[in-house]
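A.B. asks: This is the structure I want to talk about, given as structure tokens.
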Amino acid sequence: MSTAIALAAVVGVLVLWAASLRAREQALAATHRTCRELGVGLLDETVELSGLGVERAADGRLRLRRRYTFEFTPDSRTRRRGWAVLVGNRLDSLQFEFPEGVTIIEPGKERRYGMSA
């Protein structure tokens, strides 16, 4: 019995780990694509998990909410911060911190520019 529980725990950890890798790759791809569209450079070509929580998705089910941070440069001299938020395995939003304010990009919605942080 204890072997079955241990095996189930290991399988559960592996499934969570694999889902986390897929979510990170999805966040990185969306960030990279959006940086290109905005004409800014993604620094270090990476995103870093900075927050993990649980959120109720639009369908009413509980999903993991992951927040990834990244740095970008609009002019090759300054470093700026940004965030990619995924709910479950769906991109919820990308946020870019510009000097003029925060640009928020949500899939399927119009971009909002110059929002105060």
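A.B. asks: If I filter segment 56-92 down to residues being in a strand (DSSP E or B) and modelled with pLDDT under 90, which single residue comes out as surrounded by the most Cβ atoms within 10 Å (Cβ to Cβ)?
C.D. replies: From segment 56-92, those in a strand (DSSP E or B) are 56, 62-73, 80-87, 90-92; that's our starting set.
Those left that are additionally modelled with pLDDT under 90: 56, 90.
Details: Arg56: 11, Arg90: 13.
The extreme case among them is Arg90.
A.B. asks: Between residues in segment 61-86 that are β-branched (Val, Ile, Thr) and residues that are surrounded by fewer than 13 Cβ atoms within 10 Å (Cβ to Cβ) and not in a strand (DSSP E or B), which pairs lie under 9 Å by C-beta distance while being six or more apart or on different chains?
C.D. replies: Sorted first by the residue in segment 61-86, then by its partner, the pairs are Thr73/Arg79; Thr78/Pro99.
A.B. asks: Same structure, new question: Any idea which of Ser20, Ser50 is assigned to a helix (DSSP H, G or I) and at negative phi?
C.D. replies: Details: Ser50 fails: assigned to a helix (DSSP H, G or I).
Going through Ser20, Ser50 in turn, just one is assigned to a helix (DSSP H, G or I) and at negative phi: Ser20.
A.B. asks: Closer than 18 Å to Glu106 by Cβ and of a type in the set (Lys, Arg) - does that describe any residue in segment 38-61?
C.D. replies: Yes, segment 38-61 has at least one match.
A.B. asks: Now for a different question. Could you tell me which residue of segment 36-89 is nearest to the chain's Cα centre (by Cα), considering only residues that are among the hydroxyl-bearing types (Ser, Thr, Tyr) and more than 29 Å from Trp17 (Cβ to Cβ)?
C.D. replies: Going through segment 36-89, the residues among the hydroxyl-bearing types (Ser, Thr, Tyr) turn out to be 46, 50, 68-69, 73, 76, 78.
Filter once more, keeping what is more than 29 Å from Trp17 (Cβ to Cβ): 73, 76, 78.
Details: Thr73: 18, Ser76: 23, Thr78: 22 Å.
Only one residue fits best here, namely Thr73.
A.B. asks: Give the number of residues within segment 93-117 that are under 18 Å from Thr69 (Cβ atoms), at pLDDT below 85 and part of a strand (DSSP E or B).
C.D. replies: The qualifying residues number 1.
A.B. asks: Do we have any residue at all in segment 29-39 that's surrounded by 11 or more Cβ atoms within 10 Å (Cβ to Cβ) and either among the acidic types (Asp, Glu) or in a strand (DSSP E or B) (or both)? Let's see the steps before the verdict.
C.D. replies: Taking segment 29-39 and keeping what is surrounded by 11 or more Cβ atoms within 10 Å (Cβ to Cβ), we get 29-36, 38.
Subsequent filtering for residues that are either among the acidic types (Asp, Glu) or in a strand (DSSP E or B) (or both) retains none.
No.
The values are calculated or read from the model by the stated rules, or taken from the named source; none is laboratory data. Note that the coordinates shown come from a computational prediction; the quantities given were computed from them, not determined experimentally. With ideal geometry, Cβ positions are generated from the backbone for all residues, glycine too; neighbour counts draw on all protein chains shown.
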